[in-house]
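J.: Okay, here's the structure, questions in a sec.
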Amino acid sequence: MVTISPIRIKRFFGASIRWKILLAFFVIVGLSFAVAATNLTGLVRGYLFEQKTREDSLLAEKAAAAAAPFFDEADPEGILRVLEENAQSIDGRLMLIDQDGKVQYDTLREMSGHRLQLDEVLQVLTGKAEQAYGMHSPGEETAARLGGSGYNGQLAYSVHAMDGANGPIGALLFVSRIQSLMDSLNSVQLQLISVFVLIAIAALVLALIISQVVTKPITDLSRTMRKMGKGDLSVRVPVRGSGELRELAENYNTMAAQLERLDKTRSQFVSNASHELKTPLATMKIMLETVMYQPDMPAELRSEFMQDMNHEIDRLTGIITDLLTLTRMDSEKGSMKTEPVDMSGLTEEVVHLLTPAAEKRGQQLEGRIEPDLQMNGGRDRLYQILYNLTDNALKYSPDGGRISVSLRRENGNLVWRVRDNGVGIPPQDQEHIFERFYRVDKARSRETGGTGLGLSIVKQLVSMHGGTITVQSEPSRGSEFIVVFPQGGAAS
């Protein structure tokens, strides 16, 4: 005996979704057709049996009515004539049975004088029923004896009472050969089974095709995820079809693109950070070795070296501070505490604070500030945005230059504009200036103490407040940074 372990059953039903769809489709189609075939066979069988019963009963009733007068009068010629007339159109035999159950007349002339112990005959002769009908598989010997020589099949017995002038005189038995009817039913069942097998095969093929079409996007997604799990972030899922599977593929590709971009950004960030940290350390190492191995170095030169090392330390500190700021902002995304901020007062404070630095270089720093403007946000973060932009404008403007800081409401938004007449930014560099560690002029940036992270910090702070920052610049004609905040400010 073949046994199926629970583990195998669990593995089968835990198989891929393709096989689950295939199994479900096959079971639904198979059960539906099996139920339909069973019902149809039952209906056909019931109809044919009912029709056969009615026909045999009517024939037995008709023959009994015709033969009763002759049987009552003991007219053998009349009885034989009636029986032979009725037997011409039937596939079976007619027998007249007296009240003792003995066959008196038989159309095949083989059973005369024999006593029949059939249930249907006994029911009629004992008066329990006027007529009786039954279908039987009597066995080979009885089938040959009642159905005729050489017959080996099923028989139907139709019995009808016969009444004479003084009451019951016997019964008429019609023995019908019904094997051809049973063969027809078996043929119908065989044809239905054949059709079922063909439909099952067609359903299986169709289910395979449908499951292949339905599960291919999922298979592609799974294959792509395995590749991504091995480190290949460039793989994408083919977008096919429509509906939820197409949306799933598109969303996955969007996520994969963001992960790839994030991975490249982080790799570039680590590379740039390593380079930026390595440069001042290497410079300080060279200076320190020079001082160490030249003990007779003049005091003025030694003092100059020490000042340069102090400058590099300050620059290194600035880089580390900006890196920590970026890291802290990354962790604070979506959790920044907000409050109503007086943007007009904040802008005036920044302009007032940086005015001495501008005057030291003969620069003119002016503010055009619309009063009583407020927005929801983090005051320290907003201060850092404007301070960094204004400080950059001072550093990259020539002595005697002009810097303008403005705040106004435009189309329902709050807009900061910081404009200078400095060196400007080449067009090819403008789309990169907000990237981390990107410098338009590396030499000049280091002279001004820049770390290459200031504008990246500004852009991230602006994004945290739901705003946007853009730049408009022409080389040698200055730059203008435009920060736009929505009317409501950052979400609280």
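J.: Measure off 7 Å from each Cα along the Cα-to-Cβ vector at A36 and D263, then give the distance between these two points in nanometres to one decimal.
T.: In this crude label model, A36 to D263 measures out at 5.2 nm.
J.: Taking the Cα centre of the chain as the origin and placing charges on Cβ (Lys, Arg +1; Asp, Glu -1), which of Y133, V214, L455 is farthest toward the positive end of the dipole?
T.: Checked the options; the winner is L455.
J.: About the Cα centre, and with charges only on the beta carbon of Lys, Arg (+1) and Asp, Glu (-1), how big is the dipole of the chain? Nearest 20 debye, please.
T.: The calculation lands at about 2080 debye.
J.: Which is farthest toward the positive dipole end of the range 14-222 among S158, G30, V188, measuring Cα position about the Cα centre, with Cβ charges +1 (Lys, Arg) and -1 (Asp, Glu)?
T.: Most positive-ward Cα: G30.
J.: Quick check: pseudo-label points 7 Å beyond the Cα along Cα→Cβ at N413 and S463, how many nm apart are they?
T.: 1.7 nm
J.: Go ahead and estimate [θ] at 222 nm for the chain from helices alone: -39,500 (n - 2.57) per DSSP H run with n ≥ 4, summed, over the residue count, rounded to 500.
T.: Here the helix-only value at 222 nm equals -20000 deg cm²/dmol.
J.: To the nearest 10 degrees, how steep is helix 17-72 against the longest Cα principal axis of the chain, on a 0 to 90 scale?
T.: For 17-72 against the chain, the angle is about 20 degrees.
J.: Just to be sure I understand the model, the point goes 7 Å from the Cα along the line to the Cβ. What's the resulting Q117 to T53 distance in nm?
T.: Going by the 7 Å Cα→Cβ label model, 2.7 nm.
J.: Now, a different point. Around L58, what is the net charge, scoring Lys/Arg as +1 and Asp/Glu as -1 over all other residues with Cβ under 14 Å from its Cβ?
T.: -2
J.: (1) 15, 23, 15, 12, 10, 13, 10, 2, 0; (2) 23, 57, 19, 0, 0; (3) 20, 42, 23, 8, 5, 3, 1, 0: which one is P(r) over Cα pairs in 20 Å bins from 0, in percent as calculated from this entry?
T.: Working out P(r) over Cα pairs in 20 Å bins from 0, in percent from the coordinates points to (1).
J.: If you take the square roots of the eigenvalues of the alpha-carbon gyration tensor of the range 14-222 and sort them as a ≥ b ≥ c, do you get rounded (a/c under 1.5), prolate (a/b over b/c) or oblate?
T.: Here the range 14-222 falls in the prolate category.
J.: While we're looking at this one, here's another question. Answer rounded, prolate or oblate for the range 355-436, using the Cα gyration tensor with square roots of eigenvalues a ≥ b ≥ c: rounded when a/c is under 1.5, else prolate when a/b is larger than b/c, else oblate.
T.: The shape class here is oblate.
Taken together, the values in this text are just the output of simple stated rules run on the coordinates, not laboratory data. None of these values were measured; they are calculated from a predicted model. Using ideal geometry, Cβ is built from the backbone for each residue, glycine included, and neighbour counts are taken over all protein chains shown.
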